[in-house]
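Taken together, the values in this text are just the output of simple stated rules run on the coordinates, not laboratory data. All values reported here derive from a predicted model rather than from experimental measurement. So basically every Cβ, Gly included, is an ideal-geometry build from the backbone, and we count neighbours across all protein chains shown.
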Amino acid sequence: MLRALTRPRRVVITGMGCVTPFGVGREAYWNALVTGQSGVRRIQSFDVSNSPVKIAAEVPDFDWEAQISPKDRKHVPRTVPLALAAAREALEDSRLFPNDLSLTERRGIGVQLGTGGGGLAFTEQQYEYWYVGPTNKASVYTIPASTHGGLSSELSMAFGLRGLSHIVSTGCTSSTDALAYAAEHIVVGRQDVMLSGGVDAPIAPGILAAFNLMTVLTNDWNDEPQRASRPFSKNRSGIVLGEGSWIYVLEELEHAKERGAKIYAEITGYGATCDAYHRVRLAEDGDEPARAMRLALADAGREAKDIDYVNLHGTSTLLNDRIETSALKLAFDGHAGRIPMSGTKSQIGHPQGASGAAGVGAALCAMHTHLIPPTINLDEPDPDCNLDYVPNKAREADVQIALCNCIGFGSKNSALVIEKMVQ
């Protein structure tokens, strides 16, 4: 068993920043969620005329130069400025300004991010320069920029953070795991503060083609992109790729109190398992995703009846949504039917390794707006998916405790419990 996150040091979220298909900023994200908007559109970043899949949830009109110099833009993947923008907002939201801190204080702040693809799209671009041209556009920093570890290093360098600088890459569960590991570093006293969350930008020609080769992407809704991502719907037909960055300031509770920081929530529980079954498919029984959720509840010292909201993985694939539903019934036993749950990917597509962090943002939204974001495009539910997915319209609710569920390639499962703190 993992060490309980609630003892001996408690971990709280004191800042949030994000860059999403709805633009830059937490308020834009929360407003879009509760008003049921879709961020899915026809792909603009490259020509999709010959692609069977023509839609994704891209971040629109993103200003790279507001985050990184024109000189450096050539040398980093898109994930870096996305992460920098979210991290800056999170630090400002937390009123934690590294430039005002001593070297000793900056050594107490670490970075732990989750990503699925990291610099994969950047590598694809460099291949094109090398083999098609112009070769002088290729970056001398292709190798460090293409590795996942370079992503956390960029944030550490940008803000002068001297603590640990790590990346977690476990597929779709990456940022859930990263947040849990970041919290654990605080619990055991390695760091007082962690910048943590997830970022991914998998929308590139080769990546799109590779996902399509696995037949997991929908190409049925190219003419109606905003209706394309439809978790738990009877006529769902696959994933819509998304991109974005969701980053948080995690802090030891007493450290946060001493500096008068506002507190969004406490991270209290984490559980992770593996089906040990298949490279991409889930085991049909749903036992291991259910066990991950039960482990998270136990780690938090909570029972199924205590949960007010579940943010779902909900990829919009036939198999995943059905098995996740079965797992939820196993995990929550007789309580599953009364807990409101929603699938954020219906609005933002699937941002791969950033999924869990996006779900945490949706859970914080529910806690602090008193509105549970809906699962949009759920007009005709699948009979096998028969839980309360808050269809199409946000719902008023008092959410004090939430569970965020993630399921990833390689049969990985993880879940996180967060609890609102009243100050």
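DSSP beta bridges fully contained in the chain are about 70 percent antiparallel. Taking every DSSP beta bridge that has both residues in the range 11-258, what percent is antiparallel when rounded to the nearest 5? So the antiparallel bridges amount to about 60 percent of the total. Full extension of the chain between E65 and S153 gives 29.8 nm of extra length, using 0.36 nm per residue less the Cα-Cα distance.
Among the chymotrypsin sites (Phe, Trp or Tyr not before Pro) found in the range 23-69, those both in a DSSP coil and sparsely packed, with 14 or fewer other Cβ atoms within 10 Å of their Cβ, are F46.
The GNM of the chain, with springs linking C-alpha atoms under 10 angstrom apart, assigns the highest mean-square fluctuation among V140, V12, V80 to V140. When the chain is treated as a GNM, springs tying every alpha-carbon pair under 10 Å, which of R279, R78, R294 comes out with the largest mean-square fluctuation? Of R279, R78, R294, the Gaussian network model singles out R279 as fluctuating most.
Among beta bridges identified by DSSP and lying wholly in the range 269-418, the antiparallel ones come to about 70 percent. Derived from the Cα gyration tensor, the three semi-axes of the equivalent ellipsoid of the range 269-418 are 21, 18, 14 Å, largest first. Under a 5 Å amide H cut-off, with hydrogens placed 1.01 Å from N, R395 pairs with I372 among residues at least 5 apart or on other chains. Each 5 Å bin from zero holds the following percent of Cα-Cα pairs in the range 138-265: 2, 8, 14, 17, 16, 12, 10, 10, 7, 3, 0. Around the Cα centre of the chain, unit charges on the Cβ atoms of Lys, Arg, Asp and Glu (plus for the first two, minus for the last two) sum to a dipole of about 500 debye.
Which of the following values of volume of the Cα convex hull per residue in Å³ was calculated from the structure shown: [x] 126; [y] 299; [z] 159? Correct label, based on the coordinates given: [x]. Loop-located GluC sites (Glu not before Pro) across the range 212-320 with a Cβ neighbour count of 14 or fewer within 10 Å are E284, E303, with loop assigned by DSSP. Candidate cross-link partners of K257 among the lysines, defined by an alpha-carbon separation under 18 Å and a same-chain spacing of 8 or more, comprise K420.
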